[in-house]
Amino acid sequence: MTPFAITSPARILFGRGEVAKAPALLRGFGPRGLIVHGANPGRLAGLLADLGAGTDSVMTLTCAAEPTLPLLEAALAKARAHRPDWVLGLGGGSVMDLAKALAGLIPAKDGPMDHLEVVGRGLPLSEPPLPFIAIPTTSGTGSEATKNAVIGLPEHGRKVSLRDDRMLARLAIVDPALTDGTPWSVTLASGLDAVTQVIEPFVSCKATAYTDAITAPAIGAGLAALLRLQQGEDREARDALAWVSLSGGMALANSGLGAVHGLAGVIGGLCPAPHGAVCGALLAPILRANRDHAAPGTEAARRLDMVFATLATTLGGAPEDAPETLAAWARSAGLPGLTAMGFDPGWQETTATAALTASSTKGNPVSLEHAALLKALRDAA
């Protein structure tokens, strides 16, 4: 067996009702805290009050959209002035990214550009991060289990990461009850992101025995949960989707992703399309491209065939047509194409070019050339 390492949050609590343990556990990290939450915290008002939000010792910040460098810099100035002992992300993937970045940068002696990859200096953090605690309220990115924060740089047309092993959560509380009642459009987009993030690590050229163990069972489970939630609210399906999302986060932290995320990272820097919806639109075209370019009898072909068989078992249709079946179901379920999300078709050429060198693309199971990525973008439009 090929050697591998396992990177994960220091402690994970999973299950309905586990969030009730948060206030007592937070006190163990110190008296002064910072809570980053989403744009509409109304349904979380009681939980925020239990966590001490709004007191002199616990400051709150709103993350209303996917974080950009200007938003991060403004939040960092406020956060440093508060001098928190810990940072909690309470919300979706964007909230997690901002909270994780703040936890990493508040103690630092320098600014974000010294540590951001690609467009910055990419230096290691100069000081240990503050304790980061994650309580996700959507099932999608799995960011509660990863060591990077994704930040948009509109002037560069890119999304890049702030990354450090020490940025992993000290505590992640995944309580599926916090996702109950999520609107279907959000459930679909974030759920397809979660499914993508168990498929890509499973077929990745960087897959390990550990990532195989948590991704292979989650692929069909994630799609089945989405099918049930399409019919109406379902507690068991919410629980399953939350587990798939967490599994995807743990998998991508220990393996590679692929061309779906390679393209999505570029698209996210060009337009405000929701990340999960972008991944959902690209998943089927990239699966088709990967299978068409995988040589017969290779490990890549074997793994892709396993994914195709799982998709066919869950969605119906023939295994060889699985990507097209998936794309047709997603569109019928309400997932828009890239153009409807605001992605200009005129950006396709440059997006495909940029994705060729993206870090996520390096984990793709086969080497896809510019023409294949361009076709995937057109098929997802």
> Taking region 330-350 as the search range and keeping residues that are touching a Leu at 6+ places or on another chain (Cβ under 6 Å) and part of a helix (DSSP H, G or I), which one is most open to solvent (accessible area, probe 1.4 Å)?
Replying inline: TRP347
> For region 75-99, which residues satisfy the criterion of being assigned to a helix (DSSP H, G or I), under 22 Å from the mean Cα position of the chain (by Cα) and small (Gly, Ala, Ser)?
Replying inline: ALA75, GLY93, SER94, ALA99
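Mind listing whichever residues of region 85-107 are buried (at least 24 other Cβ atoms within 10 Å of the Cβ) and farther than 12 Å from SER143 by Cβ?
Within region 85-107, the first condition is being buried (at least 24 other Cβ atoms within 10 Å of the Cβ), and the residues that meet it are 87-105.
Correct list: VAL87, LEU88, LEU90, LEU102, ALA103, GLY104, LEU105.
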> Hey, among ALA103, ALA134, which residue is within 16 Å of the chain's Cα centre (by Cα), closer than 18 Å to LEU88 by Cβ and not β-branched (Val, Ile, Thr)?
Replying inline: ALA134
> Does HIS275 fit the bill of being out of contact with any Phe, Trp or Tyr (no Cβ under 9 Å at 6 or more places or on another chain), crowded, with 23+ Cβ neighbours inside 10 Å and at pLDDT below 95?
Replying inline: yes
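Identify, from the list SER255, SER204, the residue that is crowded, with 18+ Cβ neighbours inside 10 Å, polar (S, T, N, Q), at pLDDT below 95 and out of contact with any Cys (no Cβ under 6 Å at 6 or more places or on another chain).
Values: SER204 fails: at pLDDT below 95.
Exactly one of SER255, SER204 is crowded, with 18+ Cβ neighbours inside 10 Å, polar (S, T, N, Q), at pLDDT below 95 and out of contact with any Cys (no Cβ under 6 Å at 6 or more places or on another chain), namely SER255.
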>> So, THR196, is that one modelled with pLDDT of 95 or more and closer than 30 Å to ASP212 by Cβ or not?
In response: yes
>> Conditions first: (1) under 14 Å from GLY191 (Cβ atoms); (2) surrounded by fewer than 24 Cβ atoms within 10 Å (Cβ to Cβ); (3) within 22 Å of the chain's Cα centre (by Cα). GLN231 passes all but one, so which condition is the exception?
In response: (3)
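Among the listed residues LEU282, LEU304, which satisfies the condition of being surrounded by 17 or more Cβ atoms within 10 Å (Cβ to Cβ), in a helix (DSSP H, G or I), aliphatic (A, V, I, L, M) and touching a Pro at 6+ places or on another chain (Cβ under 8 Å)?
On the way: LEU282 fails: touching a Pro at 6+ places or on another chain (Cβ under 8 Å).
Only one candidate passes the filter, namely LEU304.
Could you check region 116-127 and list, in sequence order, the residues that are closer than 19 Å to SER359 by Cα and surrounded by fewer than 23 Cβ atoms within 10 Å (Cβ to Cβ)? Walk me through how you get there before you give the answer.
From region 116-127, those closer than 19 Å to SER359 by Cα are 116-124; that's our starting set.
Matches in region 116-127: GLU117, VAL118, VAL119, GLY120, ARG121, GLY122, LEU123, PRO124.
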> What single numbered condition from (1) at pLDDT below 95; (2) touching a helix residue (DSSP H, G or I) at 6+ places or on another chain (Cβ under 8 Å); (3) more than 17 Å from GLY276 (Cα to Cα) fails to hold for THR215?
Replying inline: (1)
> Within region 53-74, how many residues turn out to be hydrophobic (A, V, I, L, M, F, W, C), open to solvent by 40 Å² or more (accessible area, probe 1.4 Å) and in a helix (DSSP H, G or I)?
Replying inline: 2
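Name the residue, out of ILE214, ILE199, that is more than 22 Å from VAL19 (Cβ to Cβ) and without any contact (Cβ under 8 Å) to a residue 40 or more places away in the chain. Please lay out each step first, then the result.
Working: ILE199 fails: without any contact (Cβ under 8 Å) to a residue 40 or more places away in the chain.
One residue alone meets the criteria, ILE214.
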>> Tell me whether region 146-153 contains one or more residues that are of a type in the set (A, V, I, L, M), open to solvent by 10 Å² or more (accessible area, probe 1.4 Å) and in a strand (DSSP E or B).
In response: yes
> What number of residues within region 154-182 satisfy the criterion of being open to solvent by 10 Å² or more (accessible area, probe 1.4 Å) and within 16 Å of the chain's Cα centre (by Cα)?
Replying inline: 4
>> Need pairs with beta-carbon distance below 7 Å; first residue part of a helix (DSSP H, G or I) and within region 100-119, second open to solvent by 10 Å² or more (accessible area, probe 1.4 Å) and among the acidic types (Asp, Glu); sequence gap 6+ or separate chains.
In response: GLY104/ASP164; PRO112/GLU73
> In this structure, does LYS206 turn out to be among the basic types (Lys, Arg) and out of contact with any strand residue (DSSP E or B) (no Cβ under 9 Å at 6 or more places or on another chain)?
Replying inline: yes
>> Quick check on my filter: what residues within region 25-52 are assigned to a helix (DSSP H, G or I), open to solvent by 60 Å² or more (accessible area, probe 1.4 Å) and under 15 Å from LEU171 (Cα atoms)?
In response: ARG27
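The values are calculated or read from the model by the stated rules, or taken from the named source; none is laboratory data. Only a predicted model underlies this, so the values are computations on that prediction, with no experimental measurement involved. Don't worry about glycine lacking a Cβ; one is built from the backbone with ideal geometry, like all the others, and counts go over all protein chains shown. Surface accessibility is based on the protein's heavy atoms, side chains included, excluding ligands, DNA and RNA. Shrake-Rupley method; radii C 1.70, N 1.55, O 1.52, S 1.80 Å.
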